[in-house]
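Notes for the one structure printed next.
Each value in this text was obtained by applying a stated rule to the coordinates, not by laboratory testing. Predicted model, so just to flag it, every value in this text is computed and none were measured. Quick reminder, even Gly has a Cβ in these numbers, built from the backbone with ideal geometry, and neighbours come from all protein chains shown.
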Amino acid sequence: MMELLELMLVLATVVGVTDGNTILVKDNAGQAIPVKLACINAPKAAGQVYNLAATQRLKQLLPPKTPVVIRSIEQLENGRTVGEVFVDNRSVNLLLVESGNAVVDRESLQNCYESKTQYLIAEANAKNKHLGLWQQSKMQLKFHGK
């Protein structure tokens, strides 16, 4: 049981932002690793304006050479890591939800078990304040209409 709780932390430096929920980092060995932000969804190209906003927000939060800590959740077959990215002890994933640039991905939220409630509260607040994606009610249907 203890092994499940063991954290996989990767110390890395930001190389750049790929899109609204993927960044490229270099680990301490100089290896370039694409990292998909866990537990959240940023809009894909369909909502071009929103995707751009999410990408811009990530670029503000993670300029090149920013040191980050990644709590690695899983390795995908294509070499990408899925993880929660921290800058100065703050979850960048959570910051994107707070600003309305991303929504909580309920299917993978259990991967962020220790901050699950924070994610849901951040999304509810962004929704209440009509921030980012929540400016238009159509977006709510697009993300949550299953």
_Distance between modelled label sites at Leu7 and Ala29, nm, 7 Å Cα→Cβ extension_ = 2.2 nm
*Mind giving me the nanometre distance, one decimal, between the label points for Asp19 and Glu114, set 7 Å out from Cα along Cα→Cβ?*
3.0 nm
_Table column - 3J(HN,Hα) (Hz), the range 121-127, Karplus curve with 6.51, -1.76, 1.60, x for Gly and Pro_ = 5, 4, 5, 4, 5, 4, 5
_How large are Rg and Dmax for the range 47-118 when calculated on the C-alpha trace, in angstrom?_
12.7, 32
